[in-house]
Each structure stands twice: as structure tokens, then as C-alpha cells.
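Okay, structure first, notes after.
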Amino acid sequence: MNINLSGKNVLVTGGAGGIGAEIVKKSRGIASFANWKGSTLTDSGGYQIFSLDPKIEEEGATFRSVYDGSYHKLTPESSADIQADIGADVQMVLDICPALPAPEETIRESVEMTAAWAERGRKTFIDHPDASLRQSQFGIVQGGVNSVLRAESARRTLEIGFDGYAIGGLSVGCLLYTSPSPRDGLLSRMPSSA
């Protein structure tokens, strides 16, 4: 699927926990549900991992709902499946974006877990009966403000082979803690089109 998101209005919706995903699926996807004529993108749940202080394990992340206090486990596999149900044009692979500033070890652990989860999420997406026929899946590069870890994350994410790529963490603190930007030097490593 070839989608150009630059210079367009894009409806971005959350995919964490699958709350409402069945209703959206029955409505033939998020664009139909929202009566939206433009492109659509679902977030993987990475923001919930950033903002809700979940228990993070190799299997996935468990967080508490801010709505009713119930617990939800989000894995790379469930994130890909939920986003397939929501049916946006682009789904993001589940990642971990640590709050900044953070110790280098915390950032390294997030790069490691993001890469492992990316492999699992990509496999689930490819193995899904029809997601890859109607959606694209983007990998996310993490690494905080550490240029070496950003480069490592980019290399590992590119090796998996996604339909597109995103640079994670820029809107949750990276740009506040560094100059030059974590984008600098990274964009040249990324493909101009996937």
C-alpha cells in the first residue's frame, strides 16, 4: 500500500487496549466510523506506555485504565490485531518511549525492547488474514537524545522491513533536552520512501 502522509490532514486515533475497537470494526473501520474522507493512522499504545506508568515486561505492558481502573495488557501482537480491527490506513508498531531526561541504561532498555517488540508486531501484521492488504505498518525509531542509540535503533528497525518509519519520542521531550535535535544525522539513515 502506498500512502503519502506529508502535507495532508491525518486523523490519528489511539489503539491501546482495544477499547471500542469492535464497534469501529463493525462500522467498517475508523474512517467510516468517523465519517472521515482523509488518511487515518492509529497509535500503537506507546503513548499509554509513556504516560500511564505501566508494568513493562518482555511479553508486553500492563496498565490501568484512567476510565474505570481496570487493568489491560498490551502486547506487540494484540496491538497489531487491535489496529487491524480499527482499520486505519497506517498502524504503528508498539514501542517504548521513556520520559526524558532518563539514564542511558533506561534508554538502552527501551531500544532493546522496542526492537524485540517490533519483530513480533511485524510478524503478527504480516500473518494477519488481510491487514497488509488494506494497511501499512510503520516501525518506530527510539533512542532518546543519544545519537548512538538512535542509530542502533534505526538500523534494527530498518532490518525488520516496515512499510514506513517514524522517529519516536520527539513530541514527548527529546527536543526540550538537546540541541542539535535527535533528528539531525538520523534522517540520512532513513529511506526517503519505504
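The values are calculated or read from the model by the stated rules, or taken from the named source; none is laboratory data. Here the structure is a predicted model, which is why all the values come from computation and not from measurement. All Cβ positions, even for glycine, are placed from backbone atoms using ideal geometry, and neighbour counts span all protein chains on display. Heavy atoms of the whole protein, side chains included, go into the accessibility calculation; ligands, DNA and RNA do not. Shrake-Rupley method; radii C 1.70, N 1.55, O 1.52, S 1.80 Å.
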Between Ser147 and Glu109, what's the calculated FRET efficiency when r is the beta-carbon distance and R0 is 22 Å? Round to 0.05.
0.80
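Counting other Cβ atoms within 10 Å, keep those with at most 16, restrict to DSSP loop, and tell me which trypsin sites (Lys or Arg not before Pro) in segment 25-133 are left. Walk me through the numbers on the way to the answer.
On the way: sites: Lys25, Lys26, Arg28, Lys37, Lys55, Arg64, Lys73, Arg108, Arg120, Arg122, Lys123; in loops: Arg28, Lys37.
In loop regions of segment 25-133 (DSSP not H, G, I, E or B), the sparsely surrounded trypsin sites (Lys or Arg not before Pro) are Arg28, Lys37.
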Within 10 Å, Cβ to Cβ, of Phe33, how many net charges do the neighbouring residues add up to if Lys/Arg are +1 and Asp/Glu are -1?
+3
Taking just the alpha-carbon atoms of segment 86-146, what radius of gyration and Dmax come out, in angstrom?
13.6, 41
Modelled FRET efficiency - R0 25 Å, Lys73 with Ile23, Cβ distances, 0.05 increments:
0.75
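Taking all protein chains as present, what is the carbon and sulfur share of the accessible area of segment 1-136, in % to the nearest whole number, probe 1.4 Å?
Working: 3700 of 7210 Å².
Carbon and sulfur atoms account for 51 percent of the accessible area of segment 1-136.
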Orientation-averaged projected area, Cα convex hull of segment 1-134 (nm²):
9.0
Ratio of the Cα radius of gyration of segment 30-75 to 2.2 N^0.38 Å, where N counts its residues:
1.45
What is the sum of charges, Lys and Arg at +1 and Asp and Glu at -1, for the other residues whose Cβ falls under 10 Å from the Cβ of Ser79?
-3
Count charges around Gln142 for me, please; just the other residues with Cβ under 12 Å from its Cβ, Lys/Arg as +1, Asp/Glu as -1.
-1
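If you place +1 on the Cβ of every Lys and Arg and -1 on the Cβ of every Asp and Glu, how big does the dipole about the Cα centre of segment 41-184 come out, in debye to the nearest 20? Please report the intermediate quantities before stating the final value.
Values: 12 positive and 22 negative charges, 54 e Å.
Dipole of segment 41-184, to the nearest 20 debye: 260 debye.
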